[in-house]
């Protein structure tokens, strides 16, 4: 068994200005669960959904979070912050190691357009290694709706997908189903952490490589602590989901590929990406 302990913080946060509260909750979590090795925040947990908080990275906020990770000796996934690069704004998650080093950053590849206006799409997937544990991938919120992103992470060796999200819309039930489906299709752990309270509807989900739900959170604030066994990912991928289907091997061995969206006439016929108008 290769165990790794993660705490997902589904916090009751205000629309902005949550830094001090987030730090308090992280410290409280480590007092109660001192064996936790990684803390994962929800998307935009600290700054909220307004892009006016965007800063160049490394930023003062990221630096303070890095100092906290070093002080507690934990891996920290910041949920995400808005990153300013020239005249562009990205929705960016940072991964900080127990020494306080930012080991990687990931820019959300699929902003929730046309609603997440003013946010530029990132162009690269993100995987990172935790020594003596395994390989992890990052995905943010709406990225999960595009299975190509999860498959790309797995093709680069990801055994766990960390998925901070922020949603208070009617499709949360669909997303909860999608977490489990992604875990089964990609034969990996999915760590989906949503906010709660004024920002979001909660219902964070952690699913395992056989498609099982390890934990389904309520709509209220909740500290979700799980210990993953990454050897289970290897066994699932070698032996099949519940000892049955072996989707990654079949995908590898099929000997065919699929065309991209740019060549689809049916997709071209759908019209522009815009907010739906009221029907006449």
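Quick check on this structure: which one of 22, 31 is buried (at least 18 other Cβ atoms within 10 Å of the Cβ) and outside any strand (DSSP E or B)? Write out each step before concluding.
Working: 31 fails: buried (at least 18 other Cβ atoms within 10 Å of the Cβ).
Going through 22, 31 in turn, the sole match is 22.
Looking only at segment 197-210, decide whether some residue is closer than 27 Å to residue 117 by Cβ and exposed (fewer than 11 other Cβ atoms within 10 Å of the Cβ). No; the residues of segment 197-210 include none that is closer than 27 Å to residue 117 by Cβ and exposed (fewer than 11 other Cβ atoms within 10 Å of the Cβ).
Cβ-Cβ contacts under 9 Å between residues 6 or more apart (or on different chains), taken from a first residue in segment 197-221 that is on the phi > 0 side of the Ramachandran plot and at pLDDT below 95 to a second residue that is surrounded by 17 or more Cβ atoms within 10 Å (Cβ to Cβ) and part of a loop (DSSP other than H, G, I, E, B), are listed as 197/11; 197/13.
Annotation: of all residues in segment 217-232 being farther than 16 Å from residue 7 by Cβ and in contact with a strand residue (DSSP E or B) (Cβ under 7 Å, 6 or more places away or on another chain), the one that is surrounded by the fewest Cβ atoms within 10 Å (Cβ to Cβ) is 220. Exactly one residue out of 165, 169 is surrounded by fewer than 21 Cβ atoms within 10 Å (Cβ to Cβ) and either farther than 24 Å from residue 94 by Cα or within 13 Å of the chain's Cα centre (by Cα) (or both), and it is 169.
The values are calculated or read from the model by the stated rules, or taken from the named source; none is laboratory data. Being a predicted model, the structure only gives us computed values, none of them experimental. Backbone-built Cβ (ideal geometry, glycine too); neighbour counts: all protein chains shown.
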